[in-house]
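The values are calculated or read from the model by the stated rules, or taken from the named source; none is laboratory data. These figures come from a predicted structure and were not determined experimentally. Every residue, glycine among them, receives a Cβ derived from its backbone with ideal geometry; neighbour counts consider all protein chains shown.
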Amino acid sequence: MVRRTKEEALETRNSLMAAALEQFCEKGIARTTLSDIATAAGVTRGAFYWHFKNKVELFEALWAQLRNPLDELAELSENPQEPQPVEKLRELIMLLLQMVVSDPVHQHIFRLMINRNELDGELREIGAHMQLMHGQFRARTARILTNAVNQGQLPADLPVELATFMLHSMVDGLIANWFADDNEVDMQAEAPVIVDAILVMLRQGFGASR
């Protein structure tokens, strides 16, 4: 009985998260109400509050689930036992771009990420969470680059903090411009060329200009 109750609770939680994905994609996060999510999941608002304190907490759980594939690749990239950290970094950036291009939910989340400093009201708390996640991901990127330097796959004198800043600026800028240009560039087709160009820059280092 206890096991069944736990299974039912997990099923309800998963239903709420799936319904939230659908509603966020259809209406946007700001315009989606708790009632919308509960109704779409086929549960009561009381059931919603059993699993999540509010929409912000649900969003945080949802984002943690969505970024799992990225986290897995990042863990491999920063692992000192990984023989090809730069190749794993390439896979990580490619997966990120693929998510943005192919999934409307990720597109919506990354639009919020780009404009996180402009969010207000209920979304301000989501913006603060995104700012925290962005900082954590930058720290993880620095560890990945340090791992690659230690393994001789990037120049020994690579300024890791600067390289991290530049890498995030280029990837964030690429996504922001893709949104701004109304998806004019075929990101799915061009991503390998773009990512490889970024990695060439990292492999060459910044010695000539410093």
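In this structure, ASN177 does not satisfy being exposed (fewer than 15 other Cβ atoms within 10 Å of the Cβ) and touching a residue at least 40 places away in the same chain (Cβ under 8 Å).
A quick yes/no check of all residues on (1) free of Cβ contacts under 8 Å to residues at least 40 places away in the same chain; (2) among the hydrophobic types (A, V, I, L, M, F, W, C); (3) not in a helix (DSSP H, G or I):
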{"position": "GLY127", "(1), (2), (3)": "yes, no, no"}
{"position": "ARG140", "(1), (2), (3)": "no, no, no"}
{"position": "MET166", "(1), (2), (3)": "yes, yes, no"}
{"position": "VAL185", "(1), (2), (3)": "yes, yes, yes"}
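Restricting attention to the range 142-164, which residues are in contact (Cβ under 8 Å) with a residue 40 or more places away in the chain and outside any helix (DSSP H, G or I)? Once the filter is applied, which keeps residues that are in contact (Cβ under 8 Å) with a residue 40 or more places away in the chain and outside any helix (DSSP H, G or I), the range 142-164 yields GLN151, GLN153, LEU154, PRO155, ASP157, LEU158, PRO159. For GLN107, the stated conditions hold: it is under 15 Å from the mean Cα position of the chain (by Cα) and modelled with pLDDT under 90. Inspect the range 58-69 for any residue being of a type outside the set (Phe, Trp, Tyr) and farther than 30 Å from ASN147 by Cβ and give the result as yes or no. Yes.
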